[in-house]
Amino acid sequence: MYEILKQIATPAIITGLISSLYAYFQKKKEDYRKYVYENKQENFKELVVYADELVDKGITNPDLEKLLFKISQKINPYGRKIKTFGKYQWIEDDGYVWHQIEIIEKNHASEKLQIEDLKELAHRIQISKRLLDIKVEKNIQLITSAKIWFYLFQYAMLSLQLFFMYSGYNCFIEQPTELSSFLAFCLIFVMILIFLLPELSVNESDDRNPEIGITVLSFFIAGVDAWIAYYLFNNFYIAFLVGIVSLYLILGVLILKAIIFGESEIGKVSTIYIEEYRKLQGPELSKRRFIDNFKVIPFFNKIQNLLRKDKRDGNDDL
């Protein structure tokens with residue numbers, strides 16, 4: 001039985017299995033997202049009509065409360081006063097639309113309602129529709145230089161782990177020890193983190209815990225690579241060099257993912273309504289994001305300034 005396992009657990013088969021599983025789950029995820037979003041588009045066809053009616057009939061509309069109720073039935077119910085998720089989830093769940101509905105209801109009850117309040121709600125509904133359309137048409141995105149470098153860095157990191165797997169095949173598979181088995185487990189965990197960590201870095205909640213966790217995991221990846229390099233080659237200089245290269249690569253992946261997110265539609269909308277979200281969450285909310293850790297890097301600072309300019313231009317277009 002052990003011999004059969006050794007024959008099956010070749011690097012080529014392990015690599016193929018990991019790739020197949022990743023592709024399978026990605027396809028299932030995309031199929032589900034497409035099904036949900038295409039069905040949701042039907043709701044937004046009605047929402048656009050309601051948005052036009054809001055502005056056309058104005059603050060004197062006798063059926064305003066009924067209209068607001070109809071709108072609330074067509075948007076994500078989890079966005080109302082949501083406090084348990086991060087700001088991006090708040091945007092995803094139409095929290096900024098819910099917030100404007102509540103402002104209108106409050107002003108209407110106190111007879112302070114203005115037409116600008118209704119126009120703002122109509123505007124937010126249009127933004128939600130735009131975000132939904134982008135999600136449905138996700139397959140036709142422009143390939144930017146940031147995306148190209150992101151995938152190159154990510155595949156470079158993955159290739160480094162596969163190189164360790166091939167180099168340590170004898171230690172990890174054919175003649176395993178307790179230490180080599182532990183390192184093999186860490187290597188598999190690192191390969192998972194290479195795909196998972198970039199997503200966590202832009203979907204974090206607004207407290208310190210995820211930020212600290214992402215930082216620790218980044219150093220963990222570099223540490224594991226350095227440890228395996230020393231275990232395989234018994235050379236401290238090689239291990240140190242591998243650790244530095246690994247750390248730079250994973251930080252590059254996280255920075256590029258932040259840039260890609262900043263250029264996206266959801267990133268632009270998050271920028272518009274971030275202060276509103278923070279006020280709703282209370283004074284305990286931290287104003288730092290994981291991306292702020294890179295502000296000490298002059299090159300990244302320059303990139304962020306360029307992104308802010310692009311976002312301002314984008315906001316003017318919305």
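Worth a mention:
- Meets criteria (closer than 30 Å to LYS74 by Cβ and at pLDDT 85 or above) for ILE228: no
- Hits in the stretch 247-266 (condition: in contact (Cβ under 8 Å) with a residue 40 or more places away in the chain, closer than 15 Å to TYR151 by Cα and either of a type in the set (Ser, Thr, Tyr) or open to solvent by 40 Å² or more (accessible area, probe 1.4 Å) (or both)): LEU251
- Verdict on PRO77 being under 30 Å from PRO210 (Cβ atoms), surrounded by fewer than 18 Cβ atoms within 10 Å (Cβ to Cβ) and out of contact with any Gly (no Cβ under 7 Å at 6 or more places or on another chain): yes
Rundown of residues vs (1) assigned to a helix (DSSP H, G or I); (2) open to solvent by 10 Å² or more (accessible area, probe 1.4 Å), yes/no style:
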| position | (1), (2) |
| --- | --- |
| LYS81 | no, yes |
| GLU105 | yes, yes |
| LYS112 | no, yes |
| LEU118 | yes, no |
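- Selected residue [in contact with a helix residue (DSSP H, G or I) (Cβ under 7 Å, 6 or more places away or on another chain) and surrounded by fewer than 20 Cβ atoms within 10 Å (Cβ to Cβ)] from LEU200, LEU196: LEU200
- Residue in the stretch 53-61 that is hydroxyl-bearing (Ser, Thr, Tyr), open to solvent by 70 Å² or more (accessible area, probe 1.4 Å) and at pLDDT 75 or above present: yes
- Condition check for LEU179: modelled with pLDDT of 90 or more and of a type outside the set (D, E, K, R): no
- The stretch 62-74: number of residues that are under 14 Å from LYS129 (Cα atoms) and either surrounded by fewer than 16 Cβ atoms within 10 Å (Cβ to Cβ) or touching a residue at least 60 places away in the same chain (Cβ under 8 Å) (or both): 0
The values are calculated or read from the model by the stated rules, or taken from the named source; none is laboratory data. What you see is a predicted model; the values in this text were computed from it and never measured. Note: ideal-geometry Cβ built from the backbone for every residue, glycine included; neighbour counts use all protein chains shown. Quick note on the areas: whole protein, heavy atoms, side chains included, nothing else; ligands and nucleic acids left out. Shrake-Rupley method; radii C 1.70, N 1.55, O 1.52, S 1.80 Å.
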